[in-house]
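Structure record follows, encoded as structure tokens.
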Amino acid sequence: ADAAFAAATAAAREQAAQLAAVAAERAEVQRRLDAAESADAGLRQQRARFDEWQRRLAQEQAARDRAERNAATARLGGAGPAVGGSAAVRRVIDRAMSQIGVQYVWGGGTGRGPSRGIPDGLGSPLDRVGFDCSGLMLYAFNGAGVSLPRVSRNQFNAGRKVPISDLQPGDMVFFQNPGAPIHHVALYIGNGKMIEAPYTGASVRVVPLRTRGLLPQATRVF
């Protein structure tokens, strides 16, 4: 009887130890779950704050774009003919700035404004109206009496060459991949910024002057 009692007691102790181990393991698993849930909630809150910040940035940028576009349009409406000098440069920049937000369309744009483009296989069918990069330059410079060639690599030779280190507002800047022809043109507007019609799916916009692929010479018309 004593031996049986001792065996039962030992078994009970072993079972209790096992139960305690299981309870401790369950507690640890629950702690990890709680931590994961807490971290996930924190991540959700962090993402929500980031999304809200992005939304505010987009709203602020849209407001700046509207203000710049409206100001340029107003200056154009009150300005007389501009055929040279600083007045012509101002007219060219304002003509480009007045088109902020117009969609990119490959082959689109004339001296009179946005136009239907050429289907490019990237979402630019013929029923879309807008500008491509060189089409925006056509429109901008036409306002100061300058008829540019149609494509960017020909626009590169439409004025005198100046080094990028001497860049001034109204200069055209060009971009080229190694071993390939010039593929993009934009208009430098000062303060380290340029205006461009960038690519299918985007719109005419003002951005910091990019250096990747930037040719070391710009083209100055005035």
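Brief remarks on what is shown
- Test: residue in the range 180-195 that is of a type in the set (A, V, I, L, M, F, W, C), over 21 Å from PHE131 (Cα atoms) and open to solvent by less than 40 Å² (accessible area, probe 1.4 Å): yes
- Test: residue in the range 49-64 that is outside any loop (DSSP other than H, G, I, E, B) and touching a residue at least 40 places away in the same chain (Cβ under 8 Å): no
- Any hit, the range 156-173, residues being within 16 Å of ALA96 (Cα to Cα), β-branched (Val, Ile, Thr) and part of a loop (DSSP other than H, G, I, E, B): no
- Against the conditions (1) over 17 Å from the mean Cα position of the chain (by Cα); (2) modelled with pLDDT of 85 or more; (3) crowded, with 17+ Cβ neighbours inside 10 Å, ALA67 satisfies every one except (3).
- Being assigned to a helix (DSSP H, G or I), at pLDDT 70 or above and surrounded by 10 or more Cβ atoms within 10 Å (Cβ to Cβ) holds for only one residue in ALA16, ALA41, and it is ALA41.
The values are calculated or read from the model by the stated rules, or taken from the named source; none is laboratory data. Please read these numbers as outputs of a predicted model, since none were measured by experiment. Because the Cβ atoms are built from the backbone with ideal geometry, glycine has one as well, and the counts that use them run over all protein chains shown. Each accessible area value is taken on the protein alone, full model and side chains, heavy atoms only, with ligands, DNA and RNA left out. Shrake-Rupley method; radii C 1.70, N 1.55, O 1.52, S 1.80 Å.
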